[in-house]
Amino acid sequence: MRFNFNVVGPASFDLWIAPDDMRRTPRLRVVMDRTREVVIEAWVHYPQLKEFGWHAHGICGFKLSGESCPGLDQAERFDIYDGDTNILLYRHRAGAAYRPARVLSLDYTINQDNLARDMLFPEFAMAYFGIHDIHFDLLRCIIDIKYSDSMLLQGSLLLKRYEDVIQTGEYVKTILVVDPYVELAKRILWLRRMAEIGKDPAQGWRVDHLRGPSAFAAGLDLGSVSALRKGFDRIDLETYGWLENPLTRDLSCTVPGEAMKPGHWMLAIDALSRFHVIGHQHFWGAYTAMLADVLKLEGPALPERRVPEPVLELAETLSRVKATIGLVEMDINLSDKVYTIIESQWEKG
């Protein structure tokens, strides 16, 4: 899916949507004041989109106003969504004091549930979580939105695939680095949960793309170091690539599935040097303080969300399995550099 959205006035918009199925006529869902919902089918012709090969017949545009969407010009608040994907395209809140900033919070972790995300969410007019699940073309359109100066993007992405639109969008980039063995442990435990979900015929579709990694994780004996060593000696390439150095991968790779090489570490260091706020899991207070300072946020300090004990125990066990070193080596080097810099600065402060 692709889209382009022009704001003509407070409640007047010209836009087009090119859906993934180019034969479909796109629809909008407009929710006004939480009480009224209107679904509108496209009626404006964009012949150039047919010429580009983005739409079969070019009828994929809208001219939204109080006339085409009754009540829009009177609504105190409204949200405009793509009718098929439910992706948020525009949000209006009369008199709302949103944070005038565009923030990309690169979160390469598997659960992405830290309290910094929860703190930032209400500050922004438009927020997109789990951006790793958004298709490449659509995510580029979202990152490249020009009509909102209050945006939060949070999740995992291959930074270099979107570097051009991120740079022109003048995003404040932030990242929280976590212990690589803790992240490896979380990923293995997550895959084991996915393997259990995959046993349910009604839920199996959720793990179709992770059959190999889930089966590998489910087959590990987590209670024995010697058994783990044997298990990781037999790791397949698909699982290895899924578990390997996720921090370095997000910072340095250009395409999904790219084979990582030593040079990726230097690319990751270079990318990290252009971030505005860099934190480390072991200095949570420093990270949230820096984030609040850069974005001019007020409020009490956020407590750290503790890593569960089973995850810490597995991380410690994995650190004694020699075959795992290739899965974390580049991330350990990055993590150690960030840790050392923050430790020295925090002590000085």
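On the protein heavy atoms, probe 1.4 angstrom, tell me the percent of accessible surface of region 97-348 carried by carbon and sulfur. Walk me through the numbers on the way to the answer.
On the way: 6750 of 12310 Å².
About 55 percent, which is the carbon plus sulfur part of the accessible surface.
Only loop residues by DSSP count here, and only those with at most 12 other Cβ atoms within 10 Å; note down the trypsin sites (Lys or Arg not before Pro) in region 8-90 that meet that. Working shown, then result.
Values: sites: ARG23, ARG24, ARG27, ARG29, ARG34, ARG36, LYS50, LYS63, ARG77; in loops: ARG23, ARG24, ARG34.
In loop regions of region 8-90 (DSSP not H, G, I, E or B), the sparsely surrounded trypsin sites (Lys or Arg not before Pro) are ARG23, ARG34.
Taking a ≥ b ≥ c as the square roots of the Cα gyration tensor eigenvalues, with a/c under 1.5 meaning rounded and otherwise prolate when a/b beats b/c, else oblate, which class fits region 53-139? Walk me through the numbers before you get to the answer.
On the way: a/c = 3.00, a/b = 1.28, b/c = 2.34.
Because a/c hits 1.5 or more and a/b fails to exceed b/c, region 53-139 counts as oblate.
Taking the solvent-accessible surface of protein heavy atoms with a 1.4 Å probe, what is the per residue accessible area of the chain in Å²? List each step's numbers first, then the result.
Numbers: 17390 Å² over 349 residues.
Accessible area per residue: 50 Å².
Taking +1 at the Cβ of each Lys and Arg and -1 at the Cβ of each Asp and Glu, which of VAL177, VAL44, LEU89 sits farthest along the dipole of the chain towards its positive end, judged by Cα position relative to the Cα centre?
It is VAL44.
Which whole-Hz ³J(HN,Hα) couplings does region 188-198 yield from phi under the Karplus relation 6.51 cos²θ - 1.76 cosθ + 1.60, θ = phi - 60°, glycine and proline marked x?
Result, rounded to whole Hz: 5, 5, 5, 5, 5, 5, 5, 4, 5, 4, x.
Calculate one ³J(HN,Hα) per residue across region 25-35 by plugging θ = phi - 60° into the Karplus curve 6.51 cos²θ - 1.76 cosθ + 1.60, and present them in order as whole Hz with x for glycine and proline.
Rounded to whole hertz, the list is 8, x, 10, 10, 10, 10, 10, 10, 6, 6, 10.
What does the charge count near TRP265 come to, summing +1 for each Lys or Arg and -1 for each Asp or Glu among other residues with Cβ under 15 Å from its Cβ? Each step should come with its number before you reach the end.
Working: positive: LYS160, ARG249, LYS261, LYS337; negative: GLU244, ASP250, GLU258, ASP270, GLU329, ASP331, ASP336.
Once positives and negatives cancel, what remains is -3.
Can you give the local net charge around ASP200? Use residues other than it whose beta-carbon is closer than 15 angstrom to its beta-carbon, Lys and Arg +1, Asp and Glu -1.
On the way: positive: ARG192, ARG193, LYS199, ARG206, ARG211; negative: GLU196, ASP208.
Surrounding charge for ASP200 is +3.
ASP236 versus VAL307, label points 7 Å from Cα toward the beta carbon: distance in nm?
Taking the simple label geometry, ASP236 and VAL307 are separated by 2.9 nm.
Assuming R0 = 51 Å, can you tell me the calculated FRET efficiency for the pair PHE52 and ASN333, based on Cβ-Cβ distance, to the nearest 0.05?
Working: r = 44 Å, r/R0 = 0.85.
The value I calculate is 0.70.
For a quick check, take a GNM of the chain with Cα springs below 10 Å and name the residue from MET126, MET330, MET266 with the largest mean-square fluctuation.
Looking only at MET126, MET330, MET266, the largest GNM fluctuation is found for MET266.
Pop out the carbon and sulfur fraction of the accessible area of region 1-96 as a percent, whole number, probe 1.4 Å. Display every interim value, and only then the final one.
On the way: 2300 of 4990 Å².
Ligands and nucleic acids excluded, carbon and sulfur give 46 percent.
Return the FRET efficiency for the residue pair ARG229, ASN111: r is the Cβ-Cβ distance, R0 is 41 Å, and the value is rounded to the nearest 0.05.
Numbers: r = 27 Å, r/R0 = 0.65.
E between ARG229 and ASN111, to the nearest 0.05, is 0.95.
How much net charge surrounds ASP133 when only other residues with a Cβ under 13 Å from its Cβ are counted (Lys, Arg +1; Asp, Glu -1)?
Details: positive: ARG206; negative: ASP107.
Local net charge: 0.
Provide THR35, THR174 ordered by accessible surface of protein heavy atoms (probe 1.4 Å), highest first. List each step's numbers first, then the result.
Numbers: THR35 125, THR174 0 Å².
Correct descending sequence by accessible area is THR35, THR174.
Do you know the relative contact order of region 1-96, to the nearest whole percent, from alpha carbon pairs under 8 angstrom that are 6+ apart? Numbers along the way, then the final one.
Working: 192 pairs, mean separation 26.8, N = 96.
With pairs under 8 Å counted, the relative contact order is 28 percent.
Would you mind telling me which residue in GLU304, GLU67, GLU37 has the biggest mean-square fluctuation in a Gaussian network model of the chain, where springs connect alpha carbons within a distance under 10 angstrom?
Of the options given, GLU67 has the highest mean-square fluctuation.
Pull up all non-local amide H partners of PHE3: gap of 5 or more, or a different chain, and H-to-H distance under 5 Å with H placed in the peptide plane.
ALA18
Starting from region 117-204, pick out the GluC sites (Glu not before Pro) whose DSSP state is loop and whose Cβ has at most 12 other Cβ atoms within 10 Å. Don't skip to the answer; put the middle values down first.
Numbers: sites: GLU123, GLU163, GLU170, GLU183, GLU196; in loops: GLU170.
Filter output for region 117-204: GLU170.
Would you check the chain for Lys pairs whose C-alpha atoms are within less than 27 Å, ignoring same-chain pairs closer than 8 in sequence, and give me the count?
29
The values are calculated or read from the model by the stated rules, or taken from the named source; none is laboratory data. Predicted model, so just to flag it, every value in this text is computed and none were measured. Every residue, glycine among them, receives a Cβ derived from its backbone with ideal geometry; neighbour counts consider all protein chains shown. Side chains included, ligands, DNA and RNA excluded: accessible areas come from the protein's heavy atoms. Shrake-Rupley method; radii C 1.70, N 1.55, O 1.52, S 1.80 Å.
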